[in-house]
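Trainee: Pasting in a structure now, in structure tokens, and then I'll have a few things to ask.
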């Protein structure tokens, strides 16, 4: 079995701010937010675009921002080898988990390399469990879709009814 191949990656956002404290304080907490999307190529079934968004903050014990505040977006174009898996669900799961893993580790390296001369030294993003990130994000998206469907079925029916009524009126006039 071949592994997922990263053809290329692109940083689409790289924002790093440093919050200099008024007094000497300890960084007690880290906040890490991850989100991603996987898009299929229109004509090439073997290509996927994984869009990873990362927000990282260093915080004091009371939750105030101190130190680094990072907001990044990185996109990766992946090629799925023919022999990766015959099971479509398993193949897509591998794309999600490995795509996150590869892009996040790439971003860690980019940030570490760029931030070596920053005021507080190199930024080292915490390690993650990509399969947990994929599960959490997919569960949240599923819940959001279900909530959206529950919240708007009447709106769709009302729009359909209004459209049918308009068509009937147009037919009667002709």
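Read the figures in this text as sums done on the coordinates, not as results from a lab. Just so you know, these numbers come straight off a predicted model, no measurement behind them. So basically every Cβ, Gly included, is an ideal-geometry build from the backbone, and we count neighbours across all protein chains shown.
Trainee: Just order 128-138, 33-43 by mean Cβ neighbour count inside 10 Å, highest at the front, would you?
Mentor: Details: 128-138: 15.6, 33-43: 13.3.
Sorting 128-138, 33-43 by mean packing, highest first, produces 128-138, 33-43.
Trainee: What order, most packed first, do the peptides 121-127, 74-80, 62-68 have when packing is the mean number of other Cβ atoms within 10 Å of each residue? Mind showing how you got there, number by number?
Mentor: Working: 121-127: 12.9, 74-80: 19.4, 62-68: 15.6.
Highest mean packing first, the order is 74-80, 62-68, 121-127.
Trainee: Continuing with the same structure: For the chain, what log10 I(q)/I(0) values come out of the Debye formula at q = 0.14 1/Å, with one point per alpha carbon and no solvent?
Mentor: For the chain at q = 0.14 Å⁻¹, log10 I(q)/I(0) is -0.86.
Trainee: Still on this structure, I have one more. Report the extension gain between residue 127 and residue 88 in nm, rounded to one decimal, defined as 0.36 nm multiplied by the number of residues separating them, less their alpha carbon distance. Please report the intermediate quantities before stating the final value.
Mentor: On the way: separation 39, 0.36 × 39 = 14.04 nm, distance 2.84 nm.
Length gained, residue 127 through residue 88: 11.2 nm.
Trainee: Nearest 10 degrees, 0 to 90: what angle lies between the long axis of helix 130-151 and the longest principal axis of the chain (Cα atoms)?
Mentor: 40
Trainee: Could you state, as a whole-number percent, how many of the C-alpha pairs of segment 19-83 are farther apart than 17 Å?
Mentor: On the way: 1166 of 2080 pairs.
Of all Cα-Cα distances in segment 19-83, 56 percent exceed 17 Å.
Trainee: Once you have the alpha carbon radius of gyration of segment 56-100, what is it after dividing by 2.2 N^0.38 Å, with N set to its residue count?
Mentor: Numbers: Rg = 18.1 Å, N = 45, 2.2 N^0.38 = 9.3 Å.
Dividing the Cα Rg of segment 56-100 by 2.2 N^0.38 Å gives 1.93.
Trainee: Arranged from highest to lowest average of other beta-carbon atoms within 10 Å per residue, in what order do the peptides 17-23, 51-57 appear? Mind dumping the intermediate values first?
Mentor: Details: 17-23: 10.4, 51-57: 19.0.
Packing order, densest peptide first, comes out as 51-57, 17-23.
Trainee: Follow-up. Relative to the longest principal axis of the C-alpha atoms of the chain, give the angle of the C-alpha long axis of helix 88-114, reported between 0 and 90° and rounded to the nearest 10°.
Mentor: The angle comes out near 40 degrees.
Trainee: With n ≥ 4 as the cut-off for DSSP H runs, can you work out [θ] at 222 nm for the chain, using -39500 (n - 2.57) per run divided by the number of residues, rounded to the nearest 500?
Mentor: Numbers: 3 runs with 70 residues, N = 174.
Calculated at 222 nm, the ellipticity per residue is -14000 deg cm²/dmol.
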